[in-house]
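*Asks:* Pasting in a structure now, in structure tokens, and then I'll have a few things to ask.
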Amino acid sequence: MKRALGTCYYPEQWPRELWEADARRMVEAGLTWVRIGEFGWSRLEPRPGEFAFEWLDQAINVLGSAGLKVKLGTPTVAPPRWLVNKHPDMIALDRDGRPRKFGSRRHYCFSHEGYAEECARIVEILARRYGGHPLIAAWQTDNEYGCHDTILSYSDAARHAFQDWLNARYSTVEALNQAWGNVFWSMDYRAFDEIDLPNLTVTEPNPAHELAFRRFSSDQVVRFNRRQVEIIRRHSSAPISHNYMGRVTDFDHFKVGNDLDIATWDSYPLGFLEDRVGAPPDRQRHFARQGDPDFQAFHHDLYRAVGNGRWWVMEQQPGPVNWAPANPAPLPGMVRLWTWEAFAHGAEAVCYFRWRQAPFGQEQLHAGLLRPDNADAPALAEARQVADELKSAPDVPVGLAPVALVFDYDAGFAWAAQPHGQGLSYFQLVFDTYRALRRLGLSIDILPPTTEDFGAYKLVVAPGLMHVPEALKRRLSEASGTVVLGPRTGARGVDFDIPVPLPPDWPDLDVTVNRVESLRGDMPVALEGGGAVTLYREELEGSADVVLRLEEGGAPVAMRSSNMIYLGAWLDAPGFERLFTPLAAAAGLEVHRLPDGVRVRDAGGQRFWLNYGAEPVGTPAGWLDVAGVLQETL
């Protein structure tokens, strides 16, 4: 696999006389790819039906002629003012019914058909003009679906589309009433057009209603994206991607990815640290200039699965950003480390956002590879270093990891509909599980719930799958390696009822959850032998062997029959280590008890060691400096 570097460039924001020099400096720095166009609608169509393509034609020719591969974005993320004037009801409404006003981006509702038609129109025009262009090497649809909490819209357009979606799903309103349990609190409907959106209710809405709305909203994103992809494919054979974000679970990325060729994501290690990682303040402070040691890797593995093996970092943080609670500069060497970590997880390309820092607009404090005065910013030297290192670096085929972690966006919808405790989320449970496995030095493949065969994995972990379709239950049961389920596995039916027999109701696993509780963050329950249950616990009964139990009273926390283990709790870090260390050893996996901040990734016969810590550290592969990266052949 040929690995490459790139950047994101906005020629419409810079004087024409800079373009050739910019393109030349990109190539001299070792960059191959350049993404353009995703925010250019107002300059492409300044007035309805009046187009100005000359600047884009020239930019593509300047960049391509310099030797760069051009990735063209569709501009639908930022509809211009005149379009909002034309379709004032295209604006999305938040959960409190407030409009997401013009003056930023992502201010549209996915369900508004008028806006969808405008998007189809501009994409058709772009695809016709550039679909066969020899310098257009790839496409991007829109930009960062879900960023700024923009998937769930409570507009009239969404309400009418939701009613149609429900009609198609349930056929009769009587079937919907039965599925949702609407006899409770006299919530029965007489017709689909009586069903409103699940917001502004006196207390929480029916969780079945909330779950259905989240599934609908996800399907609207899939539909919106597919419409653009189908248009582009009629005119271009170049690969198509979308750039996803970190910790966005409001739509099913796997379903969107099924229509694309490449998955990309936007990696901001310092920007995400405080508001998305879920780490306590002391840990945030410790990694303030490095980023969390596991958050980027988690998304690398996730989007490798979303892209069916093909994925990029579309936007790599190159310095301080402007939008986080605090915006420190990275330690020297971290931009290089983040880049190499992406390549270790199989990235085809890492592109830095952005080429030049903008002296205007909302992101004027967001660093680029160049300063606003055209001088080199610190990250450019690190990008050049990686480019030089890539010239002699061996290719690294990703191959299969020994551990599989199942990630299911529908489970995320279910947890969001009924978290059962303040701050509990499916993402955090899965991420805590992933972090525990990584701390043991294990490499992980994240897999979708549609995976047909788990037979190649020595350890399969599937936490929090609230609803488990029978096909997935069968495939997990057929796995030859050790399978760890729970907590909340099988806790709800497809329409959010508590099933009978009680969960997890798993073949040949005699475990029943008889009661559940969520716990305050300051009341952990100690495990026998070390570690603790935190945040969530299930009372288990049955004849399966006990693997973990509580220190006081000895109640079972994890139980096992043959190769199937049910974990009925959310564990702290020592608790997860207690669970996974012997399981990994029994599976014949090599376990490394890593220093805090040091991580390992095995791929294609190569082992990468990375130091996220603030101090140098010794490893079996040698001495790791701060922000150090070592590569050894296994």
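Readers should treat all values here as calculations from the given coordinates under stated rules, not as data from a laboratory. Note that the coordinates shown come from a computational prediction; the quantities given were computed from them, not determined experimentally. Every residue, glycine as well, gets a Cβ built from its backbone with ideal geometry; the counts of neighbours run over all protein chains shown.
*Asks:* Treat every Asp and Glu Cβ in the chain as -1 and every Lys and Arg Cβ as +1, leave all other atoms uncharged, and give the resulting dipole magnitude about the Cα centre to the nearest 20 debye. Intermediate values should be presented prior to the final figure.
*Replies:* On the way: 64 positive and 82 negative charges, 310 e Å.
Dipole of the chain, to the nearest 20 debye: 1480 debye.
*Asks:* Net charge within 13 Å of L502 by Cβ-Cβ distance, Lys/Arg positive one each and Asp/Glu negative one each, not counting L502 itself?
*Replies:* Counting the neighbours of L502, the net charge comes to -3.
*Asks:* Measuring from centroid to centroid over Cα atoms, what is the spacing of the range 159-181 and the range 519-589 in Å?
*Replies:* Measuring centre to centre over Cα atoms gives 40 Å.
*Asks:* Then there is this: Can you tell me how much longer the chain between D596 and R16 gets when fully stretched, taken as 0.36 nm per residue apart minus their C-alpha distance, in nm with one decimal?
*Replies:* 204.0 nm
*Asks:* Please list 3J(HN,Hα) in residue order for the range 8-23, calculated via the Karplus relation 6.51 cos²θ - 1.76 cosθ + 1.60 where θ = phi - 60°; whole Hz, with x for glycine and proline.
*Replies:* So the Karplus estimates, Gly and Pro as x, are 10, 9, 10, x, 5, 8, 10, x, 4, 5, 8, 4, 4, 5, 4, 4 Hz.
*Asks:* Pop out the ³J(HN,Hα) list for the range 577-586 in order, Karplus 6.51 cos²θ - 1.76 cosθ + 1.60 with θ = phi - 60°, rounded to Hz; leave Gly and Pro as x.
*Replies:* 3J(HN,Hα) across the range 577-586, in whole Hz: 4, 4, 6, 7, 4, x, 5, 5, 4, 5.
*Asks:* Let me ask you something else. If the only charges are +1 at each Lys and Arg Cβ and -1 at each Asp and Glu Cβ, what is the size of the charge dipole of the range 403-586 around the Cα centre, to the nearest 20 debye?
*Replies:* Roughly 420 debye for the range 403-586.
*Asks:* For the range 44-97, state which trypsin sites (Lys or Arg not before Pro) are in a DSSP loop and have at most 13 other beta carbons lying within 10 Å of their beta carbon.
*Replies:* R95
*Asks:* Once each part is reduced to its C-alpha centroid, what is the distance from the range 40-54 to the range 221-263 in angstrom?
*Replies:* Here the two parts' Cα centres lie 24 Å apart.
*Asks:* Just add up the charged neighbours of F272: K/R +1, D/E -1, any other residue whose Cβ is under 11 Å from the Cβ of F272. Display every interim value, and only then the final one.
*Replies:* Working: positive: R247, R276; negative: D266, E274, D275, D292.
Surrounding charge for F272 is -2.
*Asks:* Toward the positive end of the charge dipole of the chain, about the Cα centre and with charges on Cβ (Lys, Arg +1; Asp, Glu -1), which of H467, L424, F407 goes farthest?
*Replies:* F407
*Asks:* Residue by residue through the range 347-358, what is 3J(HN,Hα) from phi via Karplus (6.51 cos²θ - 1.76 cosθ + 1.60, θ = phi - 60°)? Round to whole Hz and write x for glycine and proline.
*Replies:* Coupling constants for the range 347-358: 4, 7, 8, 10, 10, 8, 10, 10, 5, 10, 5, 7 Hz.
*Asks:* So which of K71/K101; K71/K255; K255/K473; K69/K391; K2/K71 end up more than 27 Å apart, counting from Cα to Cα?
*Replies:* In this structure, K71/K101 exceed 27 Å between Cα atoms.
*Asks:* Mind checking which aspartates and glutamates have their Cα closer than 20 Å to the Cα of K86? Skip sequence neighbours fewer than 8 apart in that chain.
*Replies:* Leaving aside aspartates and glutamates fewer than 8 places away in the same chain, those within reach of K86 are E45, E50, E113, E117, E118, E124, D156.
*Asks:* Say a site is exposed when it is one of the GluC sites (Glu not before Pro), sits in a DSSP loop, and has at most 10 other Cβ atoms within 10 Å; what is then the longest site-free stretch of the chain?
*Replies:* Segment 1-451 is the longest.
*Asks:* I've got another one for you. Residues with beta-carbon under 14 Å from that of Q422, excluding Q422: net charge, scoring Lys, Arg +1 and Asp, Glu -1?
*Replies:* It works out to a net charge of -2.
*Asks:* Using the count of nearby Cβ atoms within 10 Å as a rough guide to exposure, how do L440, L126 rank from fewest to most? Write down the numbers at each step before the final one.
*Replies:* Working: L440 21, L126 26.
Lowest to highest Cβ neighbour count: L440, L126.
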